[in-house]
Amino acid sequence: MDDFKPKTVQQISQQYRNDLSEWIEESRARPKLIGFLANDDEAAVTYAKFTERSCKKIGIRFDLKRVKREDLEEAIIEANEDRKVDGIMVYYPVFGGGHDQYIQNCVSPFKDVEGLCHTFRFNMYHNIRFIDVQKKSIIPCTPLAILKILYHMNAYDHDLEYGNQLEGKTITVINRSEVVGRPLAALLANDGAKTYSVDLDGILQFHRAPGRMKHRVTGTDLRLEEVLPKSDVIISGVPKRGYRVPSKLIKQGAFVIDFSSEGNFEDDVVDRASVFVGKIGSMTIVMLQRNLMRLYDYRRDAAMRFRFH
């Protein structure tokens, strides 16, 4: 659409925030979210403070608990059993690697606002969008935030059928972490995009095979210099100071999103991109809050049935 004017992330997140405030007011809810901080990461502390302020504005109680990492598992189990707690989140990394994945699975699916437990991850990777009739599965907050940004900025083709609205799009995701990059690549592929997932060990392609509802992953011999110029959307989240995506490789008119706290793009990216989003923190938090309210409602529905795998 020639007259389309993209919204800012602040405008999009405010729209969701207004909807959540109305939802909370109408339901007379006072949901409680508990965050566990078991590391000294400055970015996590900043994010926790931002989350607390944002929750307070819309009527969500937020309780940040600092715990030793050796006490984290027990603290999560206690929160799982606490009927006054409606949602649980953990600031990662804690131990790193497989141990952190174990911690993710300690969080009850009934309270997993981050969507990182096995139940929700299985659903996401297998493109199972509902846990029950009219009850959507929970999706990890940062990948979900990026999908919503792309949706509201018209990267999705709204004339196509739901679930195929990224068909014909080529997308590159520079990051394949288990918390953001890999889930994001899968979600984009499940919506029809040809997605290149870039990490230190090479480039994988996430795509939907004909007649399949879930994505497939195949290896490639491609280099970043080959996939960037043909990408309609470029998303980067490399947590390394000094890393920059060369602007000269960006396709003219591409959508570009940077979710790295270090800033992964050169200043002249705005001369190449039709849309450039440099910060997504406000969207990540409002998606976290949205997941919380969904779980709050789900837990109060006696007819709810989770699909455990």
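The values are calculated or read from the model by the stated rules, or taken from the named source; none is laboratory data. Bear in mind the structure is a predicted one, so any value in this text is a computation, not a measurement. So basically every Cβ, Gly included, is an ideal-geometry build from the backbone, and we count neighbours across all protein chains shown. The accessibility values were calculated without ligands, DNA or RNA, using every heavy atom of the protein model including side chains. Shrake-Rupley method; radii C 1.70, N 1.55, O 1.52, S 1.80 Å.
Being of a type outside the set (Gly, Ala, Ser), closer than 21 Å to residue 145 by Cα and modelled with pLDDT of 95 or more is true for just one of 91, 102, 16. Which residue is that?
Going through 91, 102, 16 in turn, just one is of a type outside the set (Gly, Ala, Ser), closer than 21 Å to residue 145 by Cα and modelled with pLDDT of 95 or more: 16.
Taking the stated definitions as given, is residue 223 of a type in the set (D, E, K, R) and buried (at least 19 other Cβ atoms within 10 Å of the Cβ)?
no
Given (1) crowded, with 22+ Cβ neighbours inside 10 Å; (2) free of Cβ contacts under 8 Å to residues at least 40 places away in the same chain, identify the lone condition not met by residue 146.
All conditions pass for residue 146, except number (2).
In region 128-147, which residues are modelled with pLDDT of 95 or more and either of a type in the set (Val, Ile, Thr) or more than 20 Å from residue 293 (Cα to Cα) (or both)?
Matches in region 128-147: 138, 139, 142, 146.
Taking residue 121 as meeting all but one of (1) exposed (fewer than 14 other Cβ atoms within 10 Å of the Cβ); (2) of a type outside the set (Ser, Thr, Tyr); (3) out of contact with any Cys (no Cβ under 9 Å at 6 or more places or on another chain), write down the number of the exception.
(1)
Table: residues versus (1) touching an Asp or Glu at 6+ places or on another chain (Cβ under 7 Å); (2) surrounded by fewer than 22 Cβ atoms within 10 Å (Cβ to Cβ); (3) farther than 30 Å from residue 250 by Cβ; (4) of a type in the set (Val, Ile, Thr).
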| position | (1), (2), (3), (4) |
| --- | --- |
| 133 | no, yes, yes, yes |
| 155 | no, no, no, no |
| 170 | yes, yes, no, yes |
| 185 | no, no, no, no |
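Scan region 58-80 and report the pairs whose first residue is over 28 Å from residue 19 (Cβ atoms) and whose second residue is open to solvent by 30 Å² or more (accessible area, probe 1.4 Å) and not β-branched (Val, Ile, Thr), with Cβ atoms within less than 7 Å and a gap of 6+ or a chain change.
Note: pairs meeting the criteria are 69/95; 75/65.
Across region 18-30, what is the number of residues that are within 21 Å of the chain's Cα centre (by Cα) and open to solvent by less than 10 Å² (accessible area, probe 1.4 Å)?
1
Pick from region 187-202 the residues that are in contact (Cβ under 8 Å) with a residue 12 or more places away in the chain, open to solvent by 10 Å² or more (accessible area, probe 1.4 Å) and aliphatic (A, V, I, L, M): which of them is nearest to residue 101 (Cα to Cα)?
187
How many residues are surrounded by 14 or more Cβ atoms within 10 Å (Cβ to Cβ), among the polar types (S, T, N, Q) and out of contact with any Ser or Thr (no Cβ under 6 Å at 6 or more places or on another chain) if we restrict to region 44-85?
So the count comes out to 2.
When you scan region 235-272, how many residues do you find that are farther than 18 Å from residue 169 by Cβ and part of a loop (DSSP other than H, G, I, E, B)?
16
Here are some residues: 139, 88. Which one is open to solvent by less than 20 Å² (accessible area, probe 1.4 Å), over 29 Å from residue 229 (Cβ atoms) and of a type outside the set (Asp, Glu)?
Step by step, each of 139, 88 is checked, and only 88 is open to solvent by less than 20 Å² (accessible area, probe 1.4 Å), over 29 Å from residue 229 (Cβ atoms) and of a type outside the set (Asp, Glu).
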